Amino acid sequence: MAKHVVVSLSGGMDSSTLLLRAINEYDTVTGISFDYGQKHRVELERAQSLIDYLASKGHKVNYRQIKLDGLVDLLDSALVTGGDDVPEGHYEQDNMKETVVPNRNKMFASITQAVALSIANKTEETCDIALGIHAGDHAVYPDCRQEFRDADDAAFRIGNWDAERVGYFTPYLDTDKFGILKDGEKLCEILGIDFDEVYKRTNTSYKPYPSGNSDYKSASSVERIEAFIALGRKDPVQYEDETGEVDYEVAKAAVEKVLADHVA
């Protein structure tokens, strides 16, 4: 296994859990986040907060935030500033395709690959890139599927000398958000860190309020709360709606209704 890894860290629950996994399994960890004009930019603040928390517990990550300036008004997606409203409902509904950002994972992977190859060349040791893609994303996001990863990897190897020094780490490709959260619970115990302190420093909401609090009606939030329900733990992030801050139990009840209606 490689000694070094570069993690694509969005600040969401999945990639933050992936970061914990990387810290547990690799000697050195580099984390990269991207500012591409996303409406849920609070995720970048959460990512930095998590990096700081982990450092205070002795887990150092070489972390960078990369700004993709000038791109936001050229992208057609509900997720970016100026785009359509982010849809609500269940994560599997067809309207979630409005949240696709064209070629997003290809852009992120290319930069992550470049950093990983640079580390590999400098150290003369192998370096992996780590992506938090999971099975729950496959239906909506084509760039989260294995066939895309294989094609992207092939292009990377054709286009770079010594590309064989770079590998992939995608441990959640065949699991869902509940499986990821369950792994996070175990990793927190292994690493000696507090579960709530970690996950309150993540953002999954595509429609966060100006306060930074999460909504509980957009599909990404529904999927997150569904995972916490399955785990039997309270989600430590603060939820909000048009009335102001709401208790987690209110958000949980609303999501349980969405799930029941979806099954029906």
Number of the exception - TRP161 against (1) in contact with a helix residue (DSSP H, G or I) (Cβ under 7 Å, 6 or more places away or on another chain); (2) in a loop (DSSP other than H, G, I, E, B); (3) without any contact (Cβ under 8 Å) to a residue 24 or more places away in the chain = (1)
Inside the stretch 222-252, the number of residues satisfying the requirement of being under 19 Å from TYR209 (Cβ atoms), not in a strand (DSSP E or B) and not β-branched (Val, Ile, Thr) is 11
What's the number of the condition GLU124 fails, among (1) touching a residue at least 40 places away in the same chain (Cβ under 8 Å); (2) surrounded by fewer than 18 Cβ atoms within 10 Å (Cβ to Cβ)?
-> (1)
Looking for whichever is in contact with a strand residue (DSSP E or B) (Cβ under 9 Å, 6 or more places away or on another chain), assigned to a strand (DSSP E or B) and not polar (S, T, N, Q) here; the options are TYR209, TYR168. Which one fits?
-> TYR168
So how many residues does the stretch 212-221 have that are touching a residue at least 60 places away in the same chain (Cβ under 8 Å) and part of a helix (DSSP H, G or I)?
-> 2
Contacts under 6 angstrom Cβ, first residue in the stretch 14-33 being within 15 Å of ALA2 (Cβ to Cβ), partner polar (S, T, N, Q), 6 or more apart = THR30/ASN62
Only one of ASP153, ASP183 that is within 18 Å of LEU9 (Cα to Cα) and acidic (Asp, Glu) | ASP183
Meets criteria (touching a residue at least 60 places away in the same chain (Cβ under 8 Å), surrounded by fewer than 20 Cβ atoms within 10 Å (Cβ to Cβ) and closer than 23 Å to ALA55 by Cα) for GLU197 = yes
Of the numbered conditions (1) at pLDDT below 70; (2) surrounded by 14 or more Cβ atoms within 10 Å (Cβ to Cβ); (3) part of a helix (DSSP H, G or I), ASP73 satisfies every one except a single condition; which is it?
-> (2)
Test set (1) at pLDDT 95 or above; (2) farther than 18 Å from TYR141 by Cβ; (3) buried (at least 19 other Cβ atoms within 10 Å of the Cβ) - ALA227 fails condition number | (2)
Being crowded, with 17+ Cβ neighbours inside 10 Å and closer than 25 Å to VAL6 by Cβ narrows PRO171, PRO208 down to just PRO171
Does LEU117 qualify as being of a type outside the set (Val, Ile, Thr), buried (at least 19 other Cβ atoms within 10 Å of the Cβ) and either within 17 Å of ASN203 (Cα to Cα) or at pLDDT below 90 (or both)?
-> no
The one condition in (1) touching a residue at least 24 places away in the same chain (Cβ under 8 Å); (2) part of a helix (DSSP H, G or I); (3) not β-branched (Val, Ile, Thr) that LYS186 fails to fulfil | (1)
The condition from (1) free of Cβ contacts under 8 Å to residues at least 40 places away in the same chain; (2) assigned to a helix (DSSP H, G or I); (3) in contact with a strand residue (DSSP E or B) (Cβ under 7 Å, 6 or more places away or on another chain) that ALA55 misses is numbered (3)
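The values are calculated or read from the model by the stated rules, or taken from the named source; none is laboratory data. In this text the structure is predicted, and so the values were computed from the model without any measurement. Note: ideal-geometry Cβ built from the backbone for every residue, glycine included; neighbour counts use all protein chains shown.
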